[in-house]
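The values are calculated or read from the model by the stated rules, or taken from the named source; none is laboratory data. Given the structure is predicted, the values throughout are model-derived calculations rather than measurements. Cβ placement follows ideal geometry from the backbone for every residue including glycine, while neighbour counts extend to all protein chains displayed.
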2 protein chains.
Amino acid sequence: MKEQRFLGIDKVKISDDFWSRLQDLVIGTVIPYQYEIMDDRIEGAEKSHALENFRIAAGESEGEFYGMVFQDSDVAKWLEAVAYSLAIRPDPELEAKADRVIETIGKAQQEDGYIDTYFIVKDPDHKWADLHEAHELYCMGHMIEAAVAFKEALGKDSLLNIMRKAADLICDRFGKGKVRGYPGHQEIEMALIRLYRVTGEKKYLDTALYFLDERGTKPDLFIEESKTRDIKIFQMDPYDLKYAQTHMPVREQDKAVGHAVRAGYMYTAMADMASETDDEGLLEACRRLWDNITTKQMYITGGVGATVHGESYSVDYELPNDIIYAETCASVAMAFFARRMLELEVKGEYADILEKELYNGIISGMQSDGKRFFYSNPLEVVPGVSGVLPEYAHIDAERPGWYRCACCPPNVARLLTSLGTYVWGESEDTVYAHLFVGGKADFSVAGGVTVTTETDYPWDGKTTFRISVGSPRDFRFAVHVPGWCWDWKVIVNGREEEEYDLIDGYVYLDRTWADGDTVELDLEMEPTRMYANPRVRADIGCVAFMRGPVVYCFEQADNGEDLMALRAYRDGKLSVHRQRLGGLGEYPILTVKGARLIDSGELYSDEPFDTEDVTLKAVPYYLWGNRGKGGMRVWIGEI
Amino acid sequence: MKEQRFLGIDKVKISDDFWSRLQDLVIGTVIPYQYEIMDDRIEGAEKSHALENFRIAAGESEGEFYGMVFQDSDVAKWLEAVAYSLAIRPDPELEAKADRVIETIGKAQQEDGYIDTYFIVKDPDHKWADLHEAHELYCMGHMIEAAVAFKEALGKDSLLNIMRKAADLICDRFGKGKVRGYPGHQEIEMALIRLYRVTGEKKYLDTALYFLDERGTKPDLFIEESKTRDIKIFQMDPYDLKYAQTHMPVREQDKAVGHAVRAGYMYTAMADMASETDDEGLLEACRRLWDNITTKQMYITGGVGATVHGESYSVDYELPNDIIYAETCASVAMAFFARRMLELEVKGEYADILEKELYNGIISGMQSDGKRFFYSNPLEVVPGVSGVLPEYAHIDAERPGWYRCACCPPNVARLLTSLGTYVWGESEDTVYAHLFVGGKADFSVAGGVTVTTETDYPWDGKTTFRISVGSPRDFRFAVHVPGWCWDWKVIVNGREEEEYDLIDGYVYLDRTWADGDTVELDLEMEPTRMYANPRVRADIGCVAFMRGPVVYCFEQADNGEDLMALRAYRDGKLSVHRQRLGGLGEYPILTVKGARLIDSGELYSDEPFDTEDVTLKAVPYYLWGNRGKGGMRVWIGEI
């Protein structure tokens, strides 16, 4: 029931001031750096052993398994990002390196298709014995995604052939009338649906559907399993049913609960499945969950999964800025989910959240040098508190280095390198521009259309689309008008066009297009004050600032040490001007008139504290923490 | 170096609408109820076994020790409260019950004076082997306090004779040239100083001084002990030096850190010691610690010890209202500390904090029926969050029943029954009224003066002191003018008096007093808006309300379910009127004009949310949670 489908990575080319720079960072730094990490070549980094585990399993090396039970997933996510990166920028040396890794994976794979180095090397007697904790389906799922990426991005079958054998094993083993099962960490569902799409093999889809539908049925698999299994990897509580979303059948779920990455991957698979099978029940569940997340459980930055306890969704409106979790990976998962919903239904609300995630909660994860990463993404950092007090132990005031098994960095890498597949879409008769990203895209609509996009988004609201067609063609050109924008112009071939349909946040231009036609969308982009729903108690009395899709924040580097004493005037002048930020480059900075409360030394006073006027300076949130350690606030008191 | 000393319990009689009712509750309900608890007669209550432990140790019964290592302290605190209660209201049956308990304690005591049922019954080989965790000095300290109370309040020596033997043992064992030691939980220091005062035996003072001065010296005792001892009661970390304030010598400490009750008992002992020994160094340390607590680490309710992690002081200005700890016992300890500081220096700031604790953070601990108690005292309770989410597991939205070893209820009981010793003081030539509590007090100033006090404080600002002297006498009459009051009248014999000294928050009237003279202090008592220091980030954008010393709060019972959406208008009318509160009686209630933000359903909006005018109703904070389970806020958003 897809309304439109996104273009494949082979159909798009990004050439964009904002995103190309980030892609270059991933391709030039993150991907090579992660290889060195996985190969244990970085001095001072935590031991990874991820590649060595495969070499040992393959008989190429000797030794013991080392690392987390899901250590293989790092290699998988790296390979997936490599595939996309090679599509963006061919690199024979990198490709050869990946091929060698794939060859090793092939050798490590067992006769029956099984591939998981933890169990092959360390504990062969317990394969499949602990679906709750052992992450086999998760790791194989990631490797299947990598295999699909190699096929889609480069046309290469080597990893696909390996992982089809693994997928066949999974499909043979699990299902109605076979072994009962579903994964402790969802991922395999998404992977099998992707594999189905690239191979056309229906059993992959069927098994994905089985995993989705079996989940949450009684008796609970993980409770049953815990009664008999003699393997215990973590101390996970099988009775905590919400953690892995096994508390009720997925079609009945209506509130996002539990581990936010597990949840996001599952919702993504549900949406994918709905679009493949025209399953209204699943689509309805997706809509309910989407609605719950985006109207009750999401930070203004797109962060989701508010609590570090279980890295989980919390309860509605419980969005603390300081003891927050908001894992980078959970925002990546929300981008996945948004993309799938946008395929099902072309609605601006999905594109709005997609851009919110992309410009804020995802890229905030990565240091400007590409070498350090946030896992949690706070909206308030307090020197001497964040990362110091026990409740705040998980809050980093600076991006830490890679962890032993670093889930977030490779997730950011695979998302950014595949960004091209999030921007443009098409249906039978319509070309869609969902995001404003410079580049070129080839559509099959109307026999073939190419659109070249130029933009300085998100810093400027004007985007120009240039249409290349051999001869005039009839088709619809649709472009998203972001929800943050209240004033825009549509300009066709230099003249303002007032005849268009505006449906669900999209402008539709239905006409005969000639070669060289241009569409310009000019979005008025003023800095804006934002207020949180009154039920969000963390934000009472506070205001946040955005400009376009970009959330801003106040850093100590610009506003001095005591951010707590700053207040923004509700009616104070709010301006934007470009400014260099240390070594980060030049950016539009917001300034707002405000006040600094003068600390009289009293702890409590029966008079409001005196103030002195100040000019507050806000910088894009995703850039925070790049200029030394210090306080930061997104929400600031308003007076 | 005492400037004045408080009257003993035998010199005072409280007769006061506010406090007599609370004392009656303690005497009529809490004390008998606690006996039943300790004797395991309350169905459904957690097993205490506290009395049975003593009976077993005494050979009166057979069985095993049961309970916490500090289970004895419950009996000690009960006895102390009983002593004071018998001074307020003789009760031969209760006295006989206490005498039987004391007799058992005497039988349980070992030949050498040792008395601790955990070690006598359960683990005799490890007496004194674990000063860090074993609480022997803590339990004996509490029992010494009870013994002193029996002597002071009733003139009875029975428990004193027992506990002097224990104190002698402690003094023989610990000290310079003897065994090195200090307690893991301070208490013995206060106790030994009280014992010194009542007996005149200087070694008790010397040993208390030894414990204070040895603390925080290197090498750390608990670290050393942990290397060799073969007993482990808890999993306490000996390297967490701040927890029990062993991080530096006590005279050098300048920030309140660690477990707030341990800290409060130690500061109290330091102040006591300073006054007994004219020790300027200790007094300076007390002033610094007092200043740190009261200007940087205290809730507006007097709550201290902001974090549940270690039930500890946190860092300056870190005063979350929701994940707060603020243990009732820590407020009791602050009242102890304030009373000692007020003996050293007659300054209004000490009396202000004393009354803040008494009218807010201490009595908030007790349910109106005297049977349920708060241990933590939140300033913000959110239905579905407090007591539910992991970070909030320790926050009770209703007072729970007694715990197995319930530290707070008997602490409240002993404080309230000894309240008479906090109200009136005297020096050579001055009679002091530190608090406004109705009753009668006998001073030795000028050959003997009796003052009778009538007041409806804290609900009314007017207090009348009536002086009884046989014949005219010269002395100073001093009365505290609370820091919250900016407008007052002093009326002597019906005429306003403008000739008085105002020194450090006290009015001094120096004259010849005749029998029947009256002093009236008439404090203007208007409801007041309060603002927190800008560094207290939890209170940004918020206002709290007080009237006189009483902090108010907004409860769901009066303001509906969604307290988060309420805002008080900065300039809105603020009124007071008397109203019945369910079964609690009639109280002055505050009403303030405000707004309810209308939830548009949006999570974030670029417009402030619409509002509708409402009248907000605030009730005294200490009464909260007596009318069913629901939300509560002290600090409320202001617009």
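Assorted remarks:
- For A:Glu586, the conditions (1) among the acidic types (Asp, Glu); (2) under 29 Å from the mean Cα position of the chain (by Cα); (3) more than 30 Å from A:Thr294 (Cα to Cα); (4) within 10 Å of chain B (Cβ to nearest Cβ) all hold with the exception of (4).
- Among the residues making up the range B:148-174, those that are closer than 21 Å to B:Phe211 by Cα, over 20 Å from the mean Cα position of the chain (by Cα) and in a helix (DSSP H, G or I) are B:Met163, B:Arg164, B:Lys165, B:Ala166, B:Ala167, B:Asp168, B:Leu169, B:Ile170, B:Cys171, B:Asp172, B:Arg173.
- Scope the range B:600-639; condition within 14 Å of chain A (Cβ to nearest Cβ), in contact with a Cys (Cβ under 7 Å, 6 or more places away or on another chain), of a type outside the set (Asp, Glu) and part of a strand (DSSP E or B); matching residues: B:Met632, B:Arg633, B:Ile636, B:Gly637
- Test for A:Ala166: is it touching a residue at least 60 places away in the same chain (Cβ under 8 Å) and either crowded, with 21+ Cβ neighbours inside 10 Å or touching a helix residue (DSSP H, G or I) at 6+ places or on another chain (Cβ under 7 Å) (or both): no
- Criterion (within 21 Å of A:Arg633 (Cα to Cα) and of a type in the set (Asp, Glu)) met by exactly one of A:Glu327, A:Glu349, A:Glu276: A:Glu327
- Some residue of the range B:269-292 being assigned to a helix (DSSP H, G or I), among the β-branched types (Val, Ile, Thr) and crowded, with 21+ Cβ neighbours inside 10 Å: no
- From the list A:Glu498, A:Glu520, the one residue that fits, being over 26 Å from B:Ser605 (Cβ atoms), among the charged types (D, E, K, R) and touching a Lys or Arg at 6+ places or on another chain (Cβ under 8 Å), is A:Glu520.
- Long-range neighbours under 7 Å by Cβ, at least six apart or interchain, first residue within 12 Å of another protein chain (Cβ to nearest Cβ) within the range B:287-306, second among the basic types (Lys, Arg) and assigned to a helix (DSSP H, G or I): B:Gly302/B:Lys356
- Options A:Asp606, A:Asp613; residue that is over 28 Å from A:Trp19 (Cα atoms) and surrounded by 12 or more Cβ atoms within 10 Å (Cβ to Cβ): A:Asp606
- The strands (runs of 3 or more DSSP E) located wholly in the range A:463-525 that include 2 or more residues which are touching a helix residue (DSSP H, G or I) at 6+ places or on another chain (Cβ under 9 Å), more than 14 Å from chain B (Cβ to nearest Cβ) and closer than 12 Å to A:Val431 by Cβ occupy A:473-480, A:506-513.
- Residues of the range A:563-592 that turn out to be out of contact with any Asp or Glu (no Cβ under 7 Å at 6 or more places or on another chain), farther than 18 Å from A:Glu398 by Cα and not aromatic (Phe, Trp, Tyr), as a count: 16
- Per this entry, A:Arg580 is counted among residues that are farther than 27 Å from A:Val385 by Cβ and either outside the structural domain of A:Val634 (by TED's automatic domain parsing) or under 32 Å from the mean Cα position of the chain (by Cα) (or both).
- Candidate set from the range A:384-393 (those that are of a type outside the set (Asp, Glu) and buried (at least 17 other Cβ atoms within 10 Å of the Cβ)); member that is farthest from the other protein chains (Cβ to nearest Cβ): A:Gly387
- The range B:342-368: number of residues that are assigned to a loop (DSSP other than H, G, I, E, B) and of a type in the set (Lys, Arg): 1
- Scanning the range A:122-154 for residues that are in contact (Cβ under 8 Å) with a residue 60 or more places away in the chain and surrounded by fewer than 19 Cβ atoms within 10 Å (Cβ to Cβ), we see that the one that is nearest to A:Phe222 (Cα to Cα) is A:Ala129.
- The residue pairs whose first member lies in the range B:426-439 and is under 11 Å from B:Val346 (Cα atoms), whose second member is of a type in the set (Ser, Thr, Tyr) and assigned to a loop (DSSP other than H, G, I, E, B), and whose beta carbons are closer than 9 Å, counting only pairs six or more residues apart or on different chains, are B:Glu426/B:Ser444.
- B:Leu597 being touching a strand residue (DSSP E or B) at 6+ places or on another chain (Cβ under 7 Å) and either within 9 Å of chain A (Cβ to nearest Cβ) or at pLDDT below 95 (or both): yes
- Exactly one residue among A:Lys255, A:Lys202 is over 22 Å from A:Cys286 (Cα atoms) and not aliphatic (A, V, I, L, M), and that residue is A:Lys202.
- Any hit, the range B:124-131, residues being part of a loop (DSSP other than H, G, I, E, B) and among the basic types (Lys, Arg): yes
- Residues that are in contact with an Asp or Glu (Cβ under 9 Å, 6 or more places away or on another chain), buried (at least 24 other Cβ atoms within 10 Å of the Cβ), of a type outside the set (A, V, I, L, M, F, W, C) and more than 30 Å from A:Val507 (Cβ to Cβ) do occur in the range A:324-331, at least one of them.
- Residue within the range A:346-358 that is more than 29 Å from A:Gly625 (Cβ to Cβ), away from chain B (no Cβ under 13 Å) and acidic (Asp, Glu) present: no
- Residue selected from the range B:20-53 under the condition of a type in the set (S, T, N, Q) and within 17 Å of B:Leu584 (Cα to Cα), by the criterion surrounded by the most Cβ atoms within 10 Å (Cβ to Cβ): B:Gln23
- Any hit, the range A:74-87, residues being outside any helix (DSSP H, G or I), under 30 Å from A:Gly370 (Cβ atoms) and hydrophobic (A, V, I, L, M, F, W, C): no
- Against the numbered list (1) surrounded by fewer than 18 Cβ atoms within 10 Å (Cβ to Cβ); (2) modelled with pLDDT under 95, A:Asp17 comes up short only at (2).
- Flag if B:Ala58 is without any contact (Cβ under 8 Å) to a residue 12 or more places away in the chain, among the small types (Gly, Ala, Ser) and either surrounded by fewer than 21 Cβ atoms within 10 Å (Cβ to Cβ) or under 30 Å from B:Thr464 (Cβ atoms) (or both): no
- Note on the range A:527-572: enclosed strands (runs of 3 or more DSSP E) holding 1 or more residues that are crowded, with 21+ Cβ neighbours inside 10 Å, aliphatic (A, V, I, L, M) and more than 8 Å from chain B (Cβ to nearest Cβ) are A:542-547, A:550-555, A:566-568.
- Scoring A:Glu284 on the criteria (1) in contact with a Pro (Cβ under 6 Å, 6 or more places away or on another chain); (2) away from chain B (no Cβ under 11 Å); (3) over 22 Å from A:Ser418 (Cβ atoms); (4) not aliphatic (A, V, I, L, M) leaves a single failure, condition (1).
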